[in-house]
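To start, the structure itself, in structure tokens.
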């Protein structure tokens, strides 16, 4: 016998008994409840769960059209059948146009069981389709939230809101922190309930002896569906205060699903209903899929925070190391400079003076690396600060090329310089010098044994410095990445450096309102270009 819960709109108890008899003959085990007025019907719909409504057409104080309207006002998808001794074909057709599923006279009551069986099957199919649509939309919205540029707490708040009110009346996300669970996000159909929940103590101590509830789920990793909360509040509450709160919420159902991280359980997802709505197995399956996606967000967020902390520690180390190296390096530079001057003055052996010159070049190179580290640490905490002054670009580029004459000779590279004089602008001399030096150093490093061309030209309202080499070249896929911090197109084992020069060059150019970019050169090699606004263009600092 198949159980069926029937709400009967009927004023004659004997007719209801006849309906029950026919349903039993059709293989049902009916549970019938009779109402005669609109108020009784509203109360029954609010307090009970019904599979089908069977209504007489005309009652002393009520009617089938009115009963159908009451049902439709609730929004519940419950089949409505009219069985009456007075209904005519015209009235029956009108009822079906209004939303009734079937109608027939009481003298054909033998049709009742078949009609109920058909309508229950169709209702189940409709609800199944609606459920599938709901789950598809909900999970799609989860994906949309994950792509939004939100911080971690905002993500959690949006994710907790998604199942409310379509799946549950409330949703909460708890995260494990030490020996406690912290309420990280809460959503509910009642805004006052959310405010009270967030204002209360949001930490729940873990209970190793719990047999149900948050601590049990976190300890065992098993999902928990409590279809009827009534009578189980004491097992769920941690203390008297929480027990009073649970009873005040009038919970009907609870669902707890663990949140899994790479290293174990990291929290619990909770869904709750109040009133007549009850969570079922299909809600558990949906919650588990939702939990899987939320767990992925939490795990990615954890890895991101760990990465941020590692970057912070690295930057702190680089800042301290650079400052510690700066002082002895300055002293060393002064001492070697003094020795070089003395060697020249006293006409020391040529090889001794040459070795001192090499030492000075290496000290300058080390100084450039140290300053690069300091610049990176400054840029991590804010924008690059400029000290603009008016100067000619061709003059500065010529100085940079002359200063790198020894490096060019060591790399067996002839540097060919072509400049357009008179290109004036208000730029930070030190930053522009660093940017041009980085481009030239890059060309000498990777274009060893081949000529390097340096050109200063004008392009509209911009001054351009181009450095062209015929070295190993750059893959197309690396043209943007090489301008990021500590990024390189080749292994650091084959070529030295920290991977900061091009990054600092781009930041310097952008701070001036210009740009730096790289291009693959036909026939091998690469071209690096630096553009800066000329004097008539506003400088951004």
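Please treat every number below as a calculation from the coordinates, not as lab data. In this text, all values refer to a predicted model and were calculated from it rather than measured experimentally. Because the Cβ atoms are built from the backbone with ideal geometry, glycine has one as well, and the counts that use them run over all protein chains shown.
What FRET efficiency comes out for residue 517 versus residue 417 if R0 is 22 angstrom and r is the Cβ-Cβ distance? Round to the nearest 0.05.
0.55
Which whole-number percentage describes the relative contact order of the chain, with Cα contacts under 8 Å and a sequence gap of 6 or more? Intermediate results must be reported in sequence, preceding the final value.
Details: 846 pairs, mean separation 38.1, N = 541.
Answer for the chain is 7 percent.
Given 0.36 nm per residue, what is the gain on full extension from residue 429 to residue 21 after removing their alpha carbon distance, in nm?
Answer, rounded to one decimal: 136.9 nm.
Kindly rank 213-219, 133-139, 112-118 from highest to lowest mean number of other beta carbons found within 10 Å of each residue. Display every interim value, and only then the final one.
On the way: 213-219: 21.6, 133-139: 13.3, 112-118: 18.6.
Going by the mean number of other Cβ atoms within 10 Å, highest first, we get 213-219, 112-118, 133-139.
How big is the gap, in Å, between the Cα center of segment 130-193 and the Cα center of segment 406-463?
So the separation of the two Cα centres works out to 55 Å.
For Kirkwood radius over Cα pairs in Å, the listed values are (1) 31.7; (2) 31.0; (3) 24.2; which was obtained by calculation from the structure presented?
(2)
Round to a whole angstrom and tell me the spacing of the C-alpha centers of segment 258-292 and segment 1-63.
Cα centroid of segment 258-292 versus Cα centroid of segment 1-63: 35 Å apart.
When only Cα pairs under 8 Å and 6 or more residues apart are kept, what is the percent relative contact order across segment 144-305? All intermediate terms of the calculation are to be shown ahead of the outcome.
Details: 268 pairs, mean separation 33.4, N = 162.
Answer for segment 144-305 is 21 percent.
Counting pairs of alpha carbon atoms under 8 Å apart in space and at least six apart in sequence, what relative contact order in percent does segment 216-304 give?
Details: 128 pairs, mean separation 26.5, N = 89.
Rounded, it is 30 percent for segment 216-304.
Please report the antiparallel percentage of the DSSP beta bridges confined to the chain, to the nearest 5. Don't skip to the answer; put the middle values down first.
Numbers: 56 of 80 bridges.
Within the chain, antiparallel bridges account for around 70 percent of the total.
Using label points projected 7 Å from each Cα along Cα→Cβ, tell me how many nm separate residue 110 and residue 233, to one decimal.
Roughly 5.4 nm, to one decimal.
When 108, 521, 468, 481 are ordered from fewest to most other Cβ atoms inside 10 Å of their Cβ, what list results? Provide the component values of the computation, followed by the final result.
On the way: 108 10, 521 16, 468 19, 481 13.
Listing 108, 521, 468, 481 from fewest to most nearby Cβ atoms yields 108, 481, 521, 468.
Roughly what would the spin-label model give for residue 478 and residue 339, points 7 Å off Cα along C-beta, in nm?
For residue 478 paired with residue 339, the spin-label model returns 3.7 nm.
Given the DSSP H assignment, sum -39500 (n - 2.57) over each helix run of at least 4 residues in the chain and divide by its residue total; what's the result at 222 nm in deg cm²/dmol, nearest 500? List each step's numbers first, then the result.
Details: 16 runs with 261 residues, N = 541.
Value at 222 nm, helices only: -16000 deg cm²/dmol.
Quickly work out the residue 211-to-residue 353 label distance, labels modelled 7 Å from Cα along the C-beta direction, and quote it in nm with one decimal.
9.6
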